[in-house]
Amino acid sequence: EKKQVELLAPAGSPEGFYGAVHAGADAVYLGGSRFGARAYAENFTEQELIRCIRYGHIRGVKIYMTVNTLLKEDESSQLYDYLAPFYEAGLDAVIVQDFGALRLIKRQFPNLSLHASTQMTLCSRYGAELLRGMGVSRIVPARELSLKELISIRRQVDVELETFIHGAMCYSYSGQCLFSSILGGRSGNRGRCAQPCRLPYSILADGVCGPEMYPLSLKDMCTIDHIPELIEAGIDSFKIEGRMKRPEYAAGVTAIYRKYMDWYLE
């Protein structure tokens, strides 16, 4: 009996959410109006998000909310009032990067599941054990890890593993990037990455400008061929990147992974 692997889809807007649910996602992650690492996605108002939680739950779909920016000192006092309505509506988990936010949420909402964001840059069992001790039930390890490294964490620590299987890749090490904030005053750690790595650049040498190229821009990840290995590795949740992408994209990608995951599990 193969265990059920969760297919986790992104939603940057209510349209994206309904698209992902109907394309067969087991869970959807999305951001509210604040503290999410995609400030420029349409995101969700409080009412929309509560409606989505209820809609998802009727269909057996879990909802995870991103609270994965680094918080400023004066924001920590606003976290409780911001999260309370979603918690009361039955939110399934929050995805967190900031250790302060982690502690506050653990104290104020002891029954809310905590997922450690990939931006915590967890690369080994030691980080996983530390966070497990802090009450985290699932970690999203650094995206640079090999399958072998993921299997080793999974075997040594009793914590769920969620890994990215599709979508845009951050050029920087596990998203720890300051390029955007240095160049344009917009920090990726505050949800405002301008993605300067996606732009064309040319090299200026001896006063002569070379041809424009894309030296930093990475191709999207696509692991459709590796689904059997990923399932056999015991990974708990397959995560699709794309809260900034169009709803059609999220739904289309979700539907394809759903098809091949089910096919393999059968």
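The values are calculated or read from the model by the stated rules, or taken from the named source; none is laboratory data. Keep in mind that what you see is a predicted model, and the values were worked out from it rather than measured. Cβ sites come from the backbone with ideal geometry, for glycine too, and all protein chains shown count toward neighbours. Quick note on the areas: whole protein, heavy atoms, side chains included, nothing else; ligands and nucleic acids left out. Shrake-Rupley method; radii C 1.70, N 1.55, O 1.52, S 1.80 Å.
Considering (1) closer than 18 Å to TYR18 by Cβ; (2) touching an Asp or Glu at 6+ places or on another chain (Cβ under 7 Å), the lone condition that LEU70 does not fulfil carries the number (1). The residue that is nearest to GLU6 (Cα to Cα), counting only those in the stretch 217-256 that are at pLDDT below 95 and among the small types (Gly, Ala, Ser), is GLY234. Against the test of being in contact with a strand residue (DSSP E or B) (Cβ under 6 Å, 6 or more places away or on another chain) and part of a loop (DSSP other than H, G, I, E, B), the options LEU145, LEU131, LEU122 yield a single qualifying residue, LEU122.
Answer yes or no as to whether LEU114 is part of a helix (DSSP H, G or I), in contact with a Gly (Cβ under 7 Å, 6 or more places away or on another chain) and modelled with pLDDT of 95 or more.
Numbers: part of a helix (DSSP H, G or I): no; in contact with a Gly (Cβ under 7 Å, 6 or more places away or on another chain): yes; modelled with pLDDT of 95 or more: yes.
Taking the combined requirement at face value, the residue does not satisfy it.
Of the residues TYR18, TYR29, the single one that is assigned to a strand (DSSP E or B), open to solvent by 10 Å² or more (accessible area, probe 1.4 Å) and aromatic (Phe, Trp, Tyr) is TYR29.
May I ask you to say which residue of ILE231, ILE240 is touching a strand residue (DSSP E or B) at 6+ places or on another chain (Cβ under 7 Å), among the aliphatic types (A, V, I, L, M) and open to solvent by less than 30 Å² (accessible area, probe 1.4 Å)?
Details: ILE231 fails: touching a strand residue (DSSP E or B) at 6+ places or on another chain (Cβ under 7 Å).
None of the others qualify; the one that does is ILE240.
Taking every residue in the stretch 57-77 that is without any contact (Cβ under 8 Å) to a residue 40 or more places away in the chain and closer than 13 Å to TYR29 by Cα and pairing it with any residue that is in a helix (DSSP H, G or I) and open to solvent by 70 Å² or more (accessible area, probe 1.4 Å), at least 6 positions away or on another chain, the pairs with Cβ-Cβ distances below 9 Å are ILE63/HIS57. Being assigned to a helix (DSSP H, G or I), in contact with a Cys (Cβ under 9 Å, 6 or more places away or on another chain) and in contact (Cβ under 8 Å) with a residue 40 or more places away in the chain is a condition met by at least one residue of the stretch 177-200. In the set (1) surrounded by 14 or more Cβ atoms within 10 Å (Cβ to Cβ); (2) more than 24 Å from ILE139 (Cα to Cα), ASP74 fails one condition alone, (1). Scan the stretch 32-61 residue by residue and report those that are in a loop (DSSP other than H, G, I, E, B), farther than 23 Å from LEU102 by Cα and open to solvent by less than 80 Å² (accessible area, probe 1.4 Å). Those that are in a loop (DSSP other than H, G, I, E, B), farther than 23 Å from LEU102 by Cα and open to solvent by less than 80 Å² (accessible area, probe 1.4 Å): ALA41, GLY60, VAL61. If the condition is being in contact (Cβ under 8 Å) with a residue 60 or more places away in the chain and of a type in the set (A, V, I, L, M), then the stretch 18-36 contributes ALA20, ALA23, ALA25, ALA27, LEU30. Residue-level analysis places SER217 among those that are assigned to a loop (DSSP other than H, G, I, E, B), open to solvent by less than 50 Å² (accessible area, probe 1.4 Å) and more than 30 Å from GLY133 (Cα to Cα). From the set of residues in the stretch 90-109 that are touching a Leu at 6+ places or on another chain (Cβ under 8 Å) and among the small types (Gly, Ala, Ser), which is surrounded by the most Cβ atoms within 10 Å (Cβ to Cβ)? Selected residue: ALA101. If you check LYS72, LYS106, LYS62 for being closer than 30 Å to LEU145 by Cα, more than 20 Å from the chain's Cα centre (by Cα) and basic (Lys, Arg), only one passes: LYS72.
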